[in-house]
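Participant: Sharing a structure, written as C-alpha cells. Questions coming.
None of the figures in this text is laboratory data; all of them are computed from the coordinates on show. Computed from a predicted model, the values in this text were never measured in an experiment. With ideal geometry, Cβ positions are generated from the backbone for all residues, glycine too; neighbour counts draw on all protein chains shown.
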Amino acid sequence: MIGARFRQSGRDSSRTSERVLMAIANIAQPTRDMAAPRRPGPLSHGERWYAVHTLPFAEARAEGHLHNQGFRTFQPKRQKTIRHARRLSTVEVPYFPRYLFIVLDMTRDQWRSVNGTFGVSRLVMWGDRPHPLPPGVVETMIASADPRGILQLARKLQVGGRVRLMAGPLAEQLAILDELDDSGRVRLLLDILGRQVATLTNANNVMPL
C-alpha cells in the first residue's frame, strides 16, 4: 500500500509540474518584432532554464541566495496596486507567485543544492529529475521585460479581448479592451452595477486573459 501511495504521489507531482509549465509557456508565447534578451545572457551548450518553486513570499530571498551560489536566475514581475489604511500604493510583485527561473547544466551543476537553498521549496521536477522548460519560453519573457524585470504585455493586447487591471484604484477588476492607441494608453469597459463604465489607463497596467 505504501508503494502504491508513493507511485500515486509521483504521478500527482508530475501532473502538477506539467500544469505549471503549461501555464508559464502560455504567458510567454512569442510575438513578432520581439527585442533581443537583455539579461541574463544567452545560454551555453548544455544549459537549460528550469522553474524553482519558492516558499511563500520568499521569491527575492531565494533569488538572492541562488545568486550568491553563482546561479543565473530570472524573476518576471508585474506592478500591483495595494490598499492600506485608505491609501493606494503601487508595488512590484512576482508575475508568477512562488516561482522563479534558473539556468542549469545537468552535467555541470550540483542541482540538488538548489533545493537546499534558503527560500526555496524545490525545483519543479519530472520524476526524479528537474524538468526543463521548453526552449524559448524564458527567453521570450526576458525580451518582454524592462530593466527591472517587469513584463511589458502591451504587445499581447487585442481590442475586444478580456483583460484584468493590475494597477490603479480599480486593480483586480475584469474589463473588455475597447481601444488601444500608439501612445500606450488603453480604453477599457468595466461592468459596474450592471452598467458599462469606460476608463483609461496605461497598457502595461492590464494583463490579457
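Participant: Within segment 57-95, whose backbone N sits under 12 Å from a point 7 Å along Cα→Cβ of Leu190?
Facilitator: Under cut-off, by backbone N: nothing.
Participant: If you plug each phi of segment 105-119 into the Karplus form 6.51 cos²θ - 1.76 cosθ + 1.60 with θ = phi - 60°, what whole-Hz ³J(HN,Hα) values come out, in order, with x for Gly and Pro?
Facilitator: 10, 5, 8, 10, 8, 7, 5, 5, 5, 4, 5, x, 7, 4, x
Participant: Calculate, for Asp178 and Thr90, the FRET efficiency according to 1/(1 + (r/R0)^6) with r their C-beta to C-beta distance and R0 22 Å; round to the nearest 0.05. Please report the intermediate quantities before stating the final value.
Facilitator: On the way: r = 23 Å, r/R0 = 1.06.
Once the sixth-power term is evaluated, E becomes 0.40.
Participant: Considering amide H positions built from the backbone, and no H for Pro or chain starts, which residues 5 or more places from Arg72, or on another chain, come under 5 Å of its amide H?
Facilitator: Correct list: Val103.
Participant: From the phi angles alone, apply the Karplus equation (6.51, -1.76, 1.60; θ = phi - 60°) to segment 83-96 and give each ³J(HN,Hα) in whole Hz, x where the residue is Gly or Pro.
Facilitator: Rounded to whole hertz, the list is 10, 8, 6, 6, 10, 9, 9, 9, 10, 9, 10, x, 5, 10.
Participant: What are the ³J(HN,Hα) couplings of segment 127-140, residue after residue, when phi is run through the Karplus curve with 6.51, -1.76, 1.60 and θ = phi - 60°? Round to Hz, x for glycine and proline.
Facilitator: x, 9, 10, x, 9, x, 6, x, x, x, 5, 5, 4, 5
Participant: Now for a separate question. Check Leu55: other-chain or 5+ apart residues with amide H under 5 Å from its amide H, H built from backbone geometry?
Facilitator: Val120, Ser121
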